[in-house]
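The values are calculated or read from the model by the stated rules, or taken from the named source; none is laboratory data. All values reported here derive from a predicted model rather than from experimental measurement. Counting neighbours? That spans all protein chains shown, and the Cβs are built from the backbone with ideal geometry, glycine included. Note: accessible area is taken over every heavy atom of the protein model, side chains too, but ligands, DNA and RNA are not part of it. Shrake-Rupley method; radii C 1.70, N 1.55, O 1.52, S 1.80 Å.
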Amino acid sequence: ETDRLSSLIGNKESLLRDKRREADELSAQVMGRMAFDYASPYKGFDRNKVKGTVGKLMDVKDEQTAIALEVVAGSKLFQVVVDDENTGKALLEKGRLRHRVT
């Protein structure tokens, strides 16, 4: 009986390690999509005008809330927040964005 339980525990621990690895890989993929890289559109550009992607600006602690937010917001989580339309226009025209964003 003890051997059977030890084997069962070992299998569950292995499964847990695999699931954690999967979760880490998925998290890395999402964070990669959240990355927003750009070149300054002009000399002296104030990078503080670019706030970041919607998803990176939020910190959701509750897993159920995070899932609900992902379902409702979808791709809008990857949109970039800037201080005004002039900053957005400068980034889109001259910011050499890695990904097309809105």
### Task
Would you mention how many residues in the range 21-76 are of a type in the set (S, T, N, Q), over 21 Å from K89 (Cα atoms) and at pLDDT 90 or above?
0
### Query
T2 fails exactly one of the following numbered conditions: (1) β-branched (V, I, T); (2) surrounded by 12 or more Cβ atoms within 10 Å (Cβ to Cβ); (3) modelled with pLDDT of 85 or more. What is the number of that condition?
(2)
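This table checks each residue for (1) in contact (Cβ under 8 Å) with a residue 60 or more places away in the chain; (2) over 17 Å from the mean Cα position of the chain (by Cα); (3) surrounded by 11 or more Cβ atoms within 10 Å (Cβ to Cβ).
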{"site": "G52", "(1), (2), (3)": "no, no, yes"}
{"site": "G55", "(1), (2), (3)": "no, no, yes"}
{"site": "L69", "(1), (2), (3)": "no, no, yes"}
{"site": "K89", "(1), (2), (3)": "no, yes, yes"}
{"site": "R98", "(1), (2), (3)": "yes, no, yes"}
### Task
Scan the range 78-87 for residues that are touching a Ser or Thr at 6+ places or on another chain (Cβ under 7 Å) and open to solvent by less than 30 Å² (accessible area, probe 1.4 Å) and jot them down.
V80
